[in-house]
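Since the structure comes first, as structure tokens, the remarks are kept for the end.
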Amino acid sequence: RPDLAGKTLYVWPDSLIAPIAFSQVALTQQNRDPSLYSEFWTDPEARVFQFLGQDNVFFYVLMQGALWLGTQDDPHRLPREGEFQLTDIFGSSLLMVGGDKMSKSLGNFVLGDQLLDEQGYSPDQIRYYLALMSLPEKPASFDFDALNERNRFLAGPINSAFERPISACHSKFGGRVPEGVLSDKVVLETTRIIQRYIRSMQRAEYATLLGEIENYAMNV
């Protein structure tokens, strides 16, 4: 690109290596062999999805490719089995607060510990709300009123959609799912939502996917 002439591209190498090390630590904490990390990072059949702030995507992607391909005997080909595979990168747009970029210097920065420990939200409540923001597609504003409204929706219609069949199963069938034949509509809709789930997860289309799952839960 002409606009890059004379500019220096730099990156902290540990930011590229850290996710691999985290995989080893996670395996160790699960009392599993840490060398199994290679099943995630060097197997062409495995896919690693990484989410980066939009300001970091450009130099991260270029340097990851340079480091990964540079470890091969031929840096001009794609990685083979046993070599570090290039990952799927999704850029995350800015998280805003009141129209401004979330920033410690502006005093509008919200930490995860504050949401969990001080305000009593659960991790899943926060994950659900953030997923609805479609940050891989556009900037969005963190708003506590919207967060609470979405959680009321979870506690109301969505909770009811799951609670009714569970209660019926306990009250009428001794807590066991009765034998039966699924209707053609249920089979069709379930197959469709599974296929949609796989495609949407691969494309980081979480907001659209959550909407479809919610409709499925309430209507099937």
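Residues are listed down the side, and each one gets a yes or a no for (1) in contact with a His (Cβ under 9 Å, 6 or more places away or on another chain); (2) within 18 Å of L78 (Cβ to Cβ); (3) among the polar types (S, T, N, Q):
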position: P19; (1), (2), (3): no, no, no
position: T28; (1), (2), (3): no, no, yes
position: S35; (1), (2), (3): no, no, yes
position: P44; (1), (2), (3): no, yes, no
position: F51; (1), (2), (3): no, no, no
position: A66; (1), (2), (3): no, yes, no
Residue check, L106 in contact with a Phe, Trp or Tyr (Cβ under 9 Å, 6 or more places away or on another chain), surrounded by 10 or more Cβ atoms within 10 Å (Cβ to Cβ) and on the phi < 0 side of the Ramachandran plot: no
Which pairs turn up if I take residues in the range 208-220 that are in contact (Cβ under 8 Å) with a residue 60 or more places away in the chain and closer than 16 Å to P165 by Cβ and look for partners that are surrounded by 14 or more Cβ atoms within 10 Å (Cβ to Cβ) and of a type outside the set (F, W, Y) with beta carbon separation below 6 Å, at least 6 apart in sequence or on another chain? M218/A161
Those residues of the range 138-149 which are crowded, with 16+ Cβ neighbours inside 10 Å and either of a type in the set (G, A, S) or under 22 Å from R203 (Cβ atoms) (or both) amount to A140
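Filter the range 104-129 for residues that are assigned to a helix (DSSP H, G or I) and touching a residue at least 24 places away in the same chain (Cβ under 8 Å) and give the result. Give the derivation first.
First, the residues of the range 104-129 that are assigned to a helix (DSSP H, G or I): 112-118, 123-129.
Q125, Y128 - these are the residues of the range 104-129 that are assigned to a helix (DSSP H, G or I) and touching a residue at least 24 places away in the same chain (Cβ under 8 Å).
How many of the residues making up the range 75-92 are part of a loop (DSSP other than H, G, I, E, B) and either in contact with a Gly (Cβ under 6 Å, 6 or more places away or on another chain) or of a type outside the set (S, T, Y) (or both)? Reasoning before the result, please.
Of all residues in the range 75-92, those part of a loop (DSSP other than H, G, I, E, B) come to 75-87.
Restricting the remaining residues to those that are either in contact with a Gly (Cβ under 6 Å, 6 or more places away or on another chain) or of a type outside the set (S, T, Y) (or both) gives 75-86.
Residues meeting the conditions: 12.
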Total residues in the range 113-166, condition of a type in the set (A, V, I, L, M) and farther than 23 Å from T208 by Cβ: 3
Run down L52, L95, L62 and say which single residue is in contact with a Lys or Arg (Cβ under 8 Å, 6 or more places away or on another chain) and either closer than 20 Å to A140 by Cα or of a type outside the set (F, W, Y) (or both). L95
On the given criteria, is R47 exposed (fewer than 13 other Cβ atoms within 10 Å of the Cβ) and touching a residue at least 12 places away in the same chain (Cβ under 8 Å)? yes
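If you go through the range 70-84 one residue at a time, how many are closer than 16 Å to I20 by Cα and either surrounded by fewer than 13 Cβ atoms within 10 Å (Cβ to Cβ) or of a type in the set (A, V, I, L, M) (or both)? I'd like the intermediate steps shown before the answer.
Applying the first criterion (closer than 16 Å to I20 by Cα) to the range 70-84 yields 71, 82-84.
Imposing the further condition that a residue be either surrounded by fewer than 13 Cβ atoms within 10 Å (Cβ to Cβ) or of a type in the set (A, V, I, L, M) (or both) reduces the set to 71, 82.
Of the residues in the range 70-84, 2 are closer than 16 Å to I20 by Cα and either surrounded by fewer than 13 Cβ atoms within 10 Å (Cβ to Cβ) or of a type in the set (A, V, I, L, M) (or both).
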Give the residues of the range 1-11 that are exposed (fewer than 11 other Cβ atoms within 10 Å of the Cβ) and either within 32 Å of the chain's Cα centre (by Cα) or under 13 Å from F58 (Cβ atoms) (or both), sorted by residue number. R1, D3, L4, K7, T8, L9, Y10
Considering residues that are part of a helix (DSSP H, G or I) and either more than 31 Å from the chain's Cα centre (by Cα) or of a type outside the set (S, T, N, Q) (or both), the number found within the range 160-207 is 30
Regarding R32, is this residue surrounded by fewer than 16 Cβ atoms within 10 Å (Cβ to Cβ), of a type in the set (K, R) and either assigned to a helix (DSSP H, G or I) or touching a residue at least 12 places away in the same chain (Cβ under 8 Å) (or both)? no
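Let me confirm something: among Q72, Q50, Q64, which residue is outside any helix (DSSP H, G or I) and within 22 Å of Q202 (Cβ to Cβ)?
Q50
Values quoted throughout were computed directly from the atomic coordinates according to the rules given, and no laboratory measurement underlies them. All values derive from a computational prediction rather than experimental measurement. Backbone-built Cβ (ideal geometry, glycine too); neighbour counts: all protein chains shown.
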